[in-house]
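**Q** Take a look at the following structure, please.
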């Protein structure tokens, strides 16, 4: 941990979860959570019906900032990257606990985000990932207010931009490298989606590439024999598809998008693919990355040699569109232990796991960080058929409250 950051545990004794459960103010906050199901659901729906496509989270961000102001958070503002930040003030403002949820969804502009009710389910793109996390931020502030809780450490509530896809964690990256909170954050908790089982304390590293091959194009009959970028791209795809990725450490690859060409009888001028590489081990990720780059180069060379008589050559552009660092917050770190304790106190048997989330960035900087769900159930994440059922949501909100106060303390 950087010398400039003093953890909550070093500054004062953190209360145990058992101590918190006996506190009258926490009991009042829990009562508020139990009595607010319809309030939380209405908030959840309002958030979801504000579009937040990649790189266009501004409208949802403005709504979150307005709600933060209404609920009495201090110094509510939107930073230069688009993150929305507000402070629930404690006795100390030197070190901060950050509670965060990402504003963006994976769905493009124009997607219908109207929420439909099907039985107890709320159905809409993004309803779970991550409108559930954003609704929890607001619900937690309301619960703290209802219990009139004064923490020892200040809690920063943050809505981040750019967690999904090509956003490449740009919001949280800015928060920890350029924003005004740099050097002040003692611990970071990301609320991302439903459930209460998983505590993500290990960051899954990934590399993402956009590969574009370009040639002269032409007519499928009259210009036959000229270099073809789709043919070359196909060779690269075939090579990657044959790569023997190890099961341990787990390593994966995916070609998530491929496009090119104008018509069935036109030799394409360009072809593009987006590739996602992941591994739980940095050395395997680097090995897979080297294989991909070699496969692209070999495919281009083969096409140029095969079509050399045409006198034309393909050109390749390989651009990094995502680079997520790996690492982990140790199992015996106070943040992880408190999350485990809070889970068990509410009857949950937690599972410690690895994933790619906003926590990747602080973890890579050796700042304690985890990502947790906020209760409820869901399925079809990242699909138009995504749904969320609030059954069990109270358990998630209470766990988040216990975790926050277990780290920030009570006056």
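**Q** Using only the Cα atoms, work out Rg/Rh for the stretch 40-123, with Rh taken as the Kirkwood radius, to two decimals.
**A** 1.03
**Q** Considering only DSSP beta bridges whose two residues both sit in the chain, what percent are antiparallel, to the nearest 5?
**A** Percent antiparallel among DSSP bridges in the chain is about 70.
**Q** Does the stretch 260-313 come out rounded, prolate or oblate by the C-alpha gyration tensor, with a ≥ b ≥ c the root eigenvalues, rounded set by a/c under 1.5 and, if not, prolate when a/b is larger than b/c and oblate if not?
**A** oblate
**Q** If you build a Gaussian network model of the chain, linking Cα atoms that sit under 10 Å apart, which residue out of 246, 368, 268 swings the most?
**A** 246
**Q** Then there is this: Across the stretch 112-219, how large is the tail of the calculated P(r) beyond 17 Å, expressed as a percent of all Cα pairs?
**A** Here the long-distance tail beyond 17 Å is 71 percent of all Cα pairs in the stretch 112-219.
**Q** Rounded to the nearest 500 deg cm²/dmol, what is the calculated helix-only ellipticity per residue at 222 nm for the chain, with -39500 (n - 2.57) per DSSP H run of length n ≥ 4?
**A** -10500 deg cm²/dmol
**Q** For the chain, what relative contact order do you get, as a whole percent, if you take Cα pairs closer than 8 Å and at least 6 residues apart?
**A** Answer for the chain is 24 percent.
**Q** Turning to a different aspect of this structure: Among 129, 332, 380, determine the one that fluctuates most according to a GNM of the chain built with springs between C-alpha atoms less than 10 Å apart.
**A** 332
**Q** With 10 angstrom as the radius, rank 55, 198, 191 by how many other C-beta atoms surround their C-beta, starting from the fewest.
**A** Listed from fewest to most nearby Cβ atoms, that is 55, 198, 191.
**Q** Shifting gears a bit: Based on the alpha-carbon set only, what is the convex hull volume of the stretch 212-311 divided per residue, in Å³?
**A** So the per-residue hull volume is 88 Å³.
**Q** Further question: Give me the one-decimal nm value for the distance between modelled label points at residue 177 and residue 27, 7 Å along each residue's Cα-to-Cβ direction.
**A** Using points 7 Å along Cα→Cβ, the separation is 4.8 nm.
**Q** For the stretch 78-171, what is the per residue volume of the convex hull drawn over the alpha-carbon atoms, in cubic angstrom?
**A** It comes to 113 Å³ per residue, whole-number rounded.
**Q** Across bins of 5 angstrom width beginning at 0, how are the C-alpha pair distances of the stretch 324-395 distributed, in whole percent?
**A** It works out to 3, 14, 20, 21, 18, 15, 8, 1, in whole percents.
**Q** Here is a further query. From the P(r) of the stretch 305-353, can you give the percent of Cα pairs sitting at distances over 18 Å?
**A** Counting pairs separated by more than 18 Å, the tail of P(r) holds 63 percent.
**Q** Using the alpha-carbon centroid of each, what span in Å lies between the stretch 153-207 and the stretch 49-104?
**A** Using only Cα atoms to place each centre, the spacing works out to 13 Å.
**Q** Name the residue, out of 217, 90, 159, whose mean-square fluctuation peaks in a Gaussian network model built on the chain with Cα pairs under 10 Å.
**A** Judging by the Gaussian network model, the answer is 217.
**Q** Another question about this same structure. Between helix 282-306 and the chain, what is the angle of the helix's C-alpha long axis to the longest principal axis, kept within 0 to 90° and rounded to the nearest 10?
**A** 20 degrees
**Q** In degrees, nearest 10, range 0 to 90: what is the angle between the Cα axis of helix 334-345 and the longest Cα principal axis of the chain?
**A** 70 degrees
**Q** Is the shape of the stretch 1-155 rounded, prolate or oblate, going by the alpha carbon gyration tensor and its root eigenvalues a ≥ b ≥ c, with a/c under 1.5 for rounded and a/b larger than b/c for prolate?
**A** Because a/c hits 1.5 or more and a/b fails to exceed b/c, the stretch 1-155 counts as oblate.
**Q** Which whole number of Å³ per residue matches the convex hull of the alpha-carbon atoms in the stretch 254-411?
**A** Normalising the Cα hull of the stretch 254-411 by residue number yields 168 Å³.
**Q** Points 7 angstrom from Cα along the Cβ direction at residue 238 and residue 111: gap in nanometres?
**A** Rounded to a tenth, the inter-label distance reads 3.4 nm.
**Q** Roughly how tilted is helix 393-408, in degrees to the nearest 10 and between 0 and 90, from the longest Cα axis of the chain?
**A** In the chain, helix 393-408 runs at an angle near 80 degrees to the longest axis.
**Q** Related question: Evaluated at 10 °C with a viscosity of 1.306 mPa s, what Stokes-Einstein diffusion coefficient in µm²/s does the chain have when Rh comes from the Kirkwood expression over alpha-carbon pairs?
**A** It comes out at roughly 70 µm²/s.
A short reminder: the numbers here are calculations on the coordinates, not readings from a lab. In this text, all values refer to a predicted model and were calculated from it rather than measured experimentally. Methodologically, a virtual Cβ is constructed for each residue, glycine included, from the backbone with ideal geometry; neighbour enumeration extends over all protein chains shown.
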